[in-house]
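One structure below.
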Amino acid sequence: MRPSIGVIGRILAVLLIAILVEFGVSTFLYERASRFSVQEDEARRLAEHLSISRKLLAANAPPRRAQVAASLTTDRYAVRWDDDRPTPPRVAPSLDEMRHQVLVWEPTLATAHMSLRLNSPGRNQTVAGEVSLPDGSWMHFRTLQPIAGLNLLGERLLLALIPAAALMVLAGTLVRRQLQPLRRLAQSADRVGRGSGEHVPEEGPGEVRRVVGAFNRMQDRIHRLIEDRTQALAAVGHDFRTPLARLRLRAERVEDRPTREAIQGDVAEMEAMVASLMAYLGGSEEPEALVATDVAATLMTLADDAEDHGLDVRYVGPDHLPARVRPTALKRALGNLIGNAARYGRHVTLDLEQTADTVTFVVEDDGPGIPPDQLERVKQPFVRLDDARGRDVGGFGLGLAIVQRTVEAEGGGLTLSNRSEGGFRAAITLPRR
Amino acid sequence: MTAPTILLVEDDPALRTLTARALQENGFLVRPAAAAPEMWQAMEAGPVDLVLMDVMLPGTSGIDLCRSLRAKSDVPIIFVSAKGSETDRVVGLELGADDYIAKPFGTRELVARVRAVLRRPAMERREGSEQGLVRFDGWTMNLGRRELASPDGAAVELTGAEFDLLSALADHSGRVIARERLIELSRTRLGDSSDRSVDVLISRLRRKLSSAGHDAPIVTVRGVGYMLNAPVERS
């Protein structure tokens with residue numbers, strides 16, 4: 001296992017990257033503001049206005065300067081005179097590039113300590129600044145209209161949003177990557193017990209790797225357990241059938257007919273129980289392939305077979321319905337449903353229903369049905385409703401459990417209900433593939 | 001005609017004795033064997049008409065034994081399996097076994113299966129053990145696996161009796177087969193609706209073999225019998 005920084009380390013790394021990106025982008029924003037340039041005529045107009053205003057203010061005596069300044073205020077620039085040195089500007093991006101443009105037109109302003117800064121209290125971006133007069137007093141000015149091309153607000157918003165969005169994407173991707181092994185673990189955990197288990201690659205942060213490793217080992221143990229149990233029971237089933245075969249042949253030699261038939265009945269019941277137990281426990285040992293099958297013909301055959309055994313089972317569905325199914329498992333499941341229906345009802349009806357993406361096999365009888373509160377319980381293995389459906393029923397109560405498991409493994413469903421007109425209805429719905 | 005000789009391969013001594021007795025009482029000569037080596041010895045001791053073999057033998061598996069036996073001889077084979085799984089049945093039939101019987105079986109079922117396999121003509125058996133594909137009107141019958149596929153490739157489930165009836169019709173395609181002869185032919189496999197009249201089987205077959213707007217190619221000749229009215233191709 002290669003060394004790995006843990007989940008905390010990774011989250012800190014993500015945070016660090018986020019902070020660095022934010023820092024970098026802010027720096028870039030301010031950098032950009034200082035390099036902001038305006039149109040040449042804009043710079044020239046400002047340069048001339050400042051230069052003339054400064055000369056006029058300097059030419060007037062200090063007491064008159066406020067008045068002169070007011071008259072110099074146009075609808076474009078506000079000018080104000082102050083005796084004192086201006087307070088240092090608050091945090092506001094300075095406009096170096098724009099200042100340079102203005103100084104190109106009026107180099108004298110350079111000696112007048114002209115400063116420019118971005119003034120953005122409201123929605124409109126304006127520029128403010130100061131110029132010193134020869135006697136050390138100061139002229140303050142600011143633009144009254146947003147300077148053409150100075151759409152810094154939008155740009156700033158954008159510039160603030162882009163890093164935020166980029167950060168979220170970046171952080172999301174990084175966190176997602178860290179959680180990828182966990183997601184795979186969840187998917188694999190969902191599949192445990194269904195078919196072959198696969199190992200989840202041990203990747204990601206140390207904590208996650210330890211969980212994945214433990215999971216893989218647990219999965220191995222579970223599979224070994226299931227396999228051992230299935231093999232043991234299959235062996236038992238097999239070994240059980242040989243004495244059953246002997247018993248069956250021996251029973252034929254019993255002279256007394258009632259005794260002979262009773263023994264034969266017992267043997268048949270035991271054989272049915274072994275078969276259902278094997279079907280229930282050995283279900284996953286040999287996954288059958290999906291075969292394109294005319295399931296209508298399958299139902300016809302099941303109905304005909306039952307009819308040949310003296311039962312009233314009718315198929316009323318369409319003549320043909322091709323679907324991809326596992327034929328043996330499907331036949332066993334339907335056979336269980338038909339067996340139940342024929343045991344409790346007199347007439348059994350088989351039907352097929354289809355939608356664009358499902359096929360439903362319906363088995364209906366006219367028997368007593370089962371109590372509504374037991375509808376879900378009877379799907380459990382080893383559950384028998386002796387009181388409700390007659391006491392003479394043999395078997396382990398695995399019939400519906402086998403159906404339920406077969407259908408579930410196919411991503412389908414088993415629906416049990418009492419029919420409103422009396423009788424019981426069992427429906428297997430399978431996805432079409 | 002001398003009684004047919006059956007080579008019985010079964011590892012359980014008591015069951016071997018019981019099965020042998022059941023067969024003997026029904027007029028067969030039985031040569032018992034406990035496992036593969038004894039089976040080969042028994043094969044050399046004299047002609048054998050049929051081998052009845054447990055799939056789960058100690059040592060060699062019955063499947064392997066069946067394969068090597070089939071490589072040497074055309075003798076009919078019936079598999080006995082305690083697993084009762086469909087896969088076993090299909091694998092057994094594909095390897096060249098002629099039939100399959102599940103443990104526990106009764107004397108009647110056993111004797112019926114043995115007689116049916118012995119009655120089946122050797123040629124049909126060989127076809128069954130090879131590719132054995134029969135095609136007519138778009139439909140494909142796989143004689144070995146006893147499967148029928150529709151023109152669009154979907155497997156169509158047939159009972160044993162229906163399959164035998166259809167293969168009898170295919171064997172004599174274009175010719176009318178009398179009802180009595182068909183009853184005889186379709187009863188080679190017992191246990192599957194043996195007492196159903198041919199007419200019922202034919203109507204079931206027709207329903208399964210029909211396709212949208214297209215009737216099954218089985219023609220009724222009133223008072224005589226039935227005919228498969230389609231050219232048959234074999235491979």
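Observations
- All positions within the stretch B:26-82 that are acidic (Asp, Glu) and either on the phi > 0 side of the Ramachandran plot or in a loop (DSSP other than H, G, I, E, B) (or both): B:Asp49, B:Asp74
- Taken over the stretch A:232-244, the criterion of being of a type outside the set (D, E, K, R) and within 7 Å of another protein chain (Cβ to nearest Cβ) is satisfied by A:His238, A:Thr242, A:Leu244.
- Each residue in the stretch B:206-235 was checked for being part of a loop (DSSP other than H, G, I, E, B) and within 14 Å of another protein chain (Cβ to nearest Cβ), and 5 of them qualify.
- Within the stretch B:33-54, the set of residues being within 10 Å of B:Val9 (Cβ to Cβ) and buried (at least 19 other Cβ atoms within 10 Å of the Cβ) comprises B:Ala33, B:Ala36, B:Met39, B:Val51, B:Leu52, B:Met53, B:Asp54.
- In this structure, B:Val30 does not satisfy being buried (at least 16 other Cβ atoms within 10 Å of the Cβ), touching a strand residue (DSSP E or B) at 6+ places or on another chain (Cβ under 7 Å) and closer than 15 Å to B:Leu95 by Cβ.
- A:Leu247 meets all of the listed conditions (1) within 9 Å of chain B (Cβ to nearest Cβ); (2) touching a strand residue (DSSP E or B) at 6+ places or on another chain (Cβ under 8 Å) but one, namely (2).
- When A:Arg248, A:Arg326 are screened for being assigned by TED's automatic domain parsing to the domain that holds A:Asp366 and either within 30 Å of A:Thr355 (Cβ to Cβ) or in contact with a helix residue (DSSP H, G or I) (Cβ under 6 Å, 6 or more places away or on another chain) (or both), only A:Arg326 passes.
Yes/no per residue for (1) surrounded by 12 or more Cβ atoms within 10 Å (Cβ to Cβ); (2) under 40 Å from the mean Cα position of the chain (by Cα):
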| residue | (1), (2) |
| --- | --- |
| A:Gly206 | yes, yes |
| A:Arg209 | yes, yes |
| A:Asp228 | no, yes |
| A:Val254 | yes, no |
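- Here B:Lys72 does not qualify as more than 18 Å from the chain's Cα centre (by Cα), within 14 Å of another protein chain (Cβ to nearest Cβ) and at pLDDT below 90.
- Test for B:Asp11: is it within 14 Å of another protein chain (Cβ to nearest Cβ) and in a loop (DSSP other than H, G, I, E, B): yes
- The stretch A:30-50 - residue that is modelled with pLDDT of 70 or more and of a type in the set (Lys, Arg) and, of those, nearest to A:Gln101 (Cα to Cα): A:Arg44
- For the stretch B:143-183, a tally of residues being part of a strand (DSSP E or B) and crowded, with 17+ Cβ neighbours inside 10 Å returns 6.
- Candidate set: the stretch A:318-338, residues that are buried (at least 19 other Cβ atoms within 10 Å of the Cβ) and small (Gly, Ala, Ser); chosen: the one farthest from the other protein chains (Cβ to nearest Cβ): A:Ala333
- Yes/no for A:Arg257 being within 10 Å of chain B (Cβ to nearest Cβ), more than 30 Å from A:Glu364 (Cα to Cα) and not acidic (Asp, Glu): no
- Taking strands (runs of 3 or more DSSP E) as the structural unit, those lying wholly within the stretch A:66-172 and holding at least 3 residues that are at pLDDT below 80 correspond to A:115-119.
- One residue alone among A:Glu269, A:Glu198, A:Glu227, A:Glu202 is in contact with a Gly (Cβ under 6 Å, 6 or more places away or on another chain) and more than 28 Å from B:Leu15 (Cα to Cα), and that residue is A:Glu202.
- Taken over the stretch A:266-309, the residue count meeting the criterion of being closer than 26 Å to B:Leu148 by Cα, modelled with pLDDT under 90 and either exposed (fewer than 15 other Cβ atoms within 10 Å of the Cβ) or acidic (Asp, Glu) (or both) is 10.
The values are calculated or read from the model by the stated rules, or taken from the named source; none is laboratory data. Since this is a predicted model, take the numbers as computed values, not measurements. Neighbour counts are summed over all protein chains in view; Cβ atoms, including those assigned to glycine, are modelled from backbone coordinates with ideal geometry.
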